[in-house]
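Everything on this sheet refers to the single structure shown next.
The values are calculated or read from the model by the stated rules, or taken from the named source; none is laboratory data. None of these values were measured; they are calculated from a predicted model. Neighbour counts run over all protein chains shown; Cβ positions are idealised from the backbone, glycine included. Accessible surface is based on the protein model in full, side chains and every heavy atom, while ligands, DNA and RNA are left aside. Shrake-Rupley method; radii C 1.70, N 1.55, O 1.52, S 1.80 Å.
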Amino acid sequence: MPLADLAREAEFRTTAWQAFRAQFPTGTAALVVDEAKVPEGLLPDSVDGRMLELAREGKTIDEIGLAVHATDFHLYQRLYALNRQGVLAAAAPTGTSAPGAPAEGVESEAAAGAAARELRGELLDPPRTPRLKVRPHEVALMRLSAAEKYLLGRCDGSRDLRQIVQLAPLSELEVLRAVKKFVEGRIVELG
């Protein structure tokens, strides 16, 4: 593949991921389907049909991706297209709180910013290279989210954390928190 084509594809995907993440900030979100806007004639065994059925069952984006065996990019591309048609949207975070207070489990922007600065200093300055301390087949047996397993698949010693943050379809804070959890759980070591 010519380098210029590769660079254009990378630029396109960067822009696309920004749009995807604006609508679907986390893979742990469930989806809400607007039945009135589901296209007529959508086959239940099509990728979109299957995704909508799983969304109706309350599955998260990560769970839907695993069930339809789609790459992250293809999954979010389809979700985004359905979102633009008004067919589905990310569900609001659950939890009850007083008016004006952050929902339970949702950090304030200030707290998230402080956590991100601390983790950046610890893990990105200088960039560290994560490497699995367990065998890859052991990862498959662990009770981890699809996003966590995705990240562990990139912890092969060939990329530093800055590269993983750029490639992952997750926010920087989500990646850094997960890696810190992996290090503390002795699943990953940092070089």
What length, rounded to one decimal in nm, is gained on full extension from LEU173 through to LEU3, with 0.36 nm per residue of separation minus their alpha-carbon distance? 58.1 nm
Per residue value of the accessible surface for the chain (all protein chains in place, 1.4 Å probe), Å²: 61 Å²
Under a 10 Å cutoff between Cα atoms, tell me which one of GLU63, GLU138, GLU172 has the largest fluctuation in the Gaussian network model of the chain. GLU138
Assigned charges on the beta-carbon of Lys, Arg, Asp, Glu; the range 106-191 dipole about Cα centre (debye): 340 debye
Which percent of the accessible heavy-atom area of the chain goes to carbon and sulfur, probe 1.4 angstrom? 53 percent
The chain, helix-only ellipticity at 222 nm - DSSP H runs n ≥ 4, -39,500 (n - 2.57), divided by all residues, nearest 500: -16500 deg cm²/dmol
To the nearest 0.05, how large is the calculated FRET efficiency for ARG117 and ALA81 if R₀ is 30 Å and r is the Cβ-Cβ distance? 0.25
Helix 3-23 sits at what angle to the longest principal axis of the chain, using alpha carbons and giving 0 to 90 degrees rounded to 10? 70 degrees
Base-10 log of normalised Debye intensity for the chain (one unit scatterer per alpha-carbon) at q = 0.10, 0.19 Å⁻¹: -0.49, -1.40
Compute the distance in nm between two label points, each set 7 Å from the Cα along the Cα-to-Cβ direction, one at ALA36 and one at PHE73. 3.7 nm
Could you work out how far the C-alpha centroid of the range 56-92 sits from that of the range 1-51, in angstrom? 7 Å
Cα lying deepest toward the dipole's positive end in the chain, options ALA168, PRO39, ALA110, charges on Cβ: ALA168
To make sure I understand the rule: partners must be lysines, Cα under 25 Å from the Cα of LYS133, and not fewer than 8 residues away in the same chain. Which ones qualify? LYS149, LYS180, LYS181
